[in-house]
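Some notes on the structure that comes next.
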Amino acid sequence: MKKIIFCILIIIFGLWACANEPTSPTEHTTIYDETTSIPTMEIRYGGLNYAWFSFGGALGYIVYDNEGNEFFRGDWGSPDFTMISESLLRADTSGGIGMLHTRFFDVERGLFSPMYANVQAFDHGWVVYRGWGAETQAFDMLFAHDMFNPELNLNSFQRVFRTGAFGDHLLQEARFIYENTLFIVYYNSQNERIEETLVLERS
């Protein structure tokens, strides 16, 4: 009788263990080299449209479109992902103290943007960021253009931003108030607070 009870308990325990196994994809999937059976990549699932992976101690990431097809692979970094909408995914990677690198993905159309440093604003298909002025040899330009094509709808504005200690926020605010109108707030070299409304032109 004890043996029968013991067997029943073993069966119940086995069924309980199986019932508690995850039915969704595992958090870690290891891919092996078919010829050597040596692990080549470990994929760590992050979300519907992205995943992180490790390979030989390095970290990278994969981006999928809304159909589940891979269309971009980053061979370095482990960015923070943010779903802006059903079609727009943002990936942010730290570039060191005071620096943030951002790339955008259109997961509906399978498009990806260049990498932008310290994005100030984005909306309505635009991206806005500060850049280096070739003539002035200073970081005093504000660029706005199509998010996925830097040559499309390119607008540039030169401003004398305040310079100061490291970490000084030269551009206080940048936001879209209309589809092609940008509102910015910054301090100039005389430490004056300036508010401007910039109209962006599509070409």
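Computed from the coordinates by the stated procedures, all read-outs in this text should not be read as laboratory data. None of these values were measured; they are calculated from a predicted model. Here Cβ is always computed from backbone atoms with ideal geometry, including for glycine, and neighbour counts include all displayed protein chains.
The simple Förster model, with R0 at 30 Å and r as the Cβ-Cβ distance, assigns Thr181 and Ala134 a FRET efficiency of 0.65. Rounded to 0.05, the FRET efficiency of the Phe148 and Ile194 pair, given R0 = 22 Å and the Cβ-Cβ distance, is 0.15.
Calculation over all alpha carbon pairs of region 63-203 in 10 angstrom steps from 0 returns a P(r) of 11, 38, 35, 14, 2, 0 percent.
Our estimate of slack between Ser85 and Glu42, defined as 0.36 nm per intervening residue step minus the Cα-Cα distance, is 12.7 nm. Between Leu59 and Ile97, the C-beta separation translates, for a Förster distance of 25 Å, into a calculated FRET efficiency of about 0.80. Neighbour counting of Cβ atoms within 10 Å sorts the residues Leu142, Leu198, fewest neighbours leading, into Leu198, Leu142.
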